[in-house]
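Working notes, structure below.
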Amino acid sequence: MKTALFAYSRQGCRTARRMIGFFSSGSVRAYTMERFQENGFEVLPKPSRHLYGELFQWADAMIFVGAAGIAVREIAPFVWDKRTDPAVISVDELGRFVVPLLSGHIGGANELALKLADFLGAEPVITTATDINGKFSVDAWAAKEGLFIDSIGTAKAVSAEILERSVPLFSDFPIIGKLPTGVTTGSTGKIGICISCCRKNPFERTLLLVPPVVRLGIGCRRGTSAQAIKGAVETVLSENNIHPKAVKSVSSIDLKANEEGFLEFCQEKGITPSFYTAEELKAVPGKFTAAECVLWATGVENVCERAAMIGAKELLVKKTICNHVTVAAAAESWEVCFE
């Protein structure tokens, strides 16, 4: 975790120094006023707005030791989207109260505040409605499990609905254990939650939560451009109703490890590709679409399906050819658990 700490008094520096120990396993940057500077603290520049903006982009958490109003004023110009904003927490200079101010659920500020308060022997002050009423927080759970939230607006609507009545949940994956308070199973209704790697809309208003469980296997001719590969992947996903955010990995045969277009495509997607030898691909159990020309060129009769199935449970999309690019998709085994 990357953490930025700010203190605005001598006592605030003492409290901040205590917290540096709490965040010692991550990267910590601590700041204070020039007149309070001591070892381990950098000086807040004048003006400091540029620094706050830079740290708002860098940090996973920003902790302000001082009046909550200071934190509000300093972060206000940079608040943009709860899906990307860092956790922002205010701690009084004596370390008696820990107050999450921003990104309580998705950014993890509430959970962090509880742990930090326990470390300091302080009182956590949680104000989000679902938490104080003991109801299920769908955005916090989704963030914790690494699910993509298709609509933040609908997530807010679901949270508001849960405060009034139970919300139905539909899942393409097995649900293990008990459902949380405020959630029941169902597939119809005015508003509900759907967990799927596909684009589904079972409710009049659906909050789609997408787990990253889809593995893509890709084959291509030498010299194929990143744009051609991107187009083929987008076509396959669209035609099979698979949400792009469900894609977890991309793999191919080791002959493509230096293929420029393939590597560029993966870089654009922010995915580190995996490459396997022909022998490793041959060892994947199952029946796959065979092609003599592929066997002759690579030593294995099918690259994309076999590559997709490494680490997966079920083949979702068999070998599909688009502009000389072959694409297959498989899904990992995954379960829904709220406990």
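The values are calculated or read from the model by the stated rules, or taken from the named source; none is laboratory data. Being a predicted model, the structure only gives us computed values, none of them experimental. Using ideal geometry, Cβ is built from the backbone for each residue, glycine included, and neighbour counts are taken over all protein chains shown. The area values use the complete protein model at the heavy-atom level, side chains included, leaving out ligands, DNA and RNA. Shrake-Rupley method; radii C 1.70, N 1.55, O 1.52, S 1.80 Å.
Being among the small types (Gly, Ala, Ser), in contact with a Gly (Cβ under 8 Å, 6 or more places away or on another chain), touching a residue at least 40 places away in the same chain (Cβ under 8 Å) and closer than 30 Å to GLY177 by Cα is a description that does not apply to ALA307.
A search for C-beta distances below 7 Å between a residue of the range 16-42 that is in contact (Cβ under 8 Å) with a residue 40 or more places away in the chain and any residue that is outside any helix (DSSP H, G or I), counting only pairs 6+ apart in sequence or on different chains, returns ALA16/LEU5; ALA16/ALA7; ALA16/ALA30; ALA16/VAL65; ARG18/GLY95; MET19/LEU5; MET19/ILE63.
If you go through the range 8-59 one residue at a time, how many are in a strand (DSSP E or B) and touching a Cys at 6+ places or on another chain (Cβ under 6 Å)?
1
Scanning the range 230-242 for residues that are farther than 21 Å from SER274 by Cβ and either part of a loop (DSSP other than H, G, I, E, B) or of a type outside the set (S, T, N, Q) (or both), which turns out most open to solvent (accessible area, probe 1.4 Å)? The extreme case among them is GLU239.
Yes or no, residue by residue, for (1) over 22 Å from ILE321 (Cα atoms); (2) touching a residue at least 40 places away in the same chain (Cβ under 8 Å); (3) open to solvent by less than 10 Å² (accessible area, probe 1.4 Å):
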| position | (1), (2), (3) |
| --- | --- |
| SER187 | yes, no, no |
| LYS190 | yes, no, no |
| SER196 | yes, yes, yes |
| ARG205 | yes, yes, no |
| PRO211 | yes, yes, yes |
| CYS220 | no, yes, no |
| GLY223 | no, no, no |
| ALA228 | no, yes, no |
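The single condition among (1) open to solvent by 40 Å² or more (accessible area, probe 1.4 Å); (2) part of a helix (DSSP H, G or I); (3) more than 17 Å from THR224 (Cα to Cα); (4) at pLDDT 95 or above that GLU264 does not meet is (3). Based on what the data block shows, is ASN302 polar (S, T, N, Q) and surrounded by fewer than 19 Cβ atoms within 10 Å (Cβ to Cβ)? The answer is no for ASN302.
Scanning the range 154-185 for residues being open to solvent by 20 Å² or more (accessible area, probe 1.4 Å), assigned to a loop (DSSP other than H, G, I, E, B) and either touching a residue at least 60 places away in the same chain (Cβ under 8 Å) or farther than 17 Å from PRO211 by Cβ (or both) gives a total of 11.
Find the residue count for the range 131-153, including only residues that are in contact with a Phe, Trp or Tyr (Cβ under 7 Å, 6 or more places away or on another chain) and either among the basic types (Lys, Arg) or without any contact (Cβ under 8 Å) to a residue 40 or more places away in the chain (or both). Number satisfying all stated conditions: 0. Here is the figure for the range 272-295: residues that are touching a residue at least 60 places away in the same chain (Cβ under 8 Å) and surrounded by fewer than 12 Cβ atoms within 10 Å (Cβ to Cβ) total 0. On the basis of being out of contact with any helix residue (DSSP H, G or I) (no Cβ under 6 Å at 6 or more places or on another chain), open to solvent by less than 20 Å² (accessible area, probe 1.4 Å) and over 16 Å from VAL65 (Cβ atoms), does LEU120 make the cut? So LEU120 does not fit the description; no.
Could we say that ARG14 is over 26 Å from THR154 (Cα atoms), surrounded by fewer than 16 Cβ atoms within 10 Å (Cβ to Cβ), among the charged types (D, E, K, R) and out of contact with any helix residue (DSSP H, G or I) (no Cβ under 6 Å at 6 or more places or on another chain) here? So ARG14 fits the description; yes.
Considering the range 131-153, the residues that are assigned to a loop (DSSP other than H, G, I, E, B) and farther than 17 Å from CYS197 by Cα include one that is most open to solvent (accessible area, probe 1.4 Å), namely ASN133.
For the range 288-339, a residue qualifies if it is part of a helix (DSSP H, G or I) and not hydrophobic (A, V, I, L, M, F, W, C), and the qualifying residues are GLU292, THR298, GLU305, ARG306.
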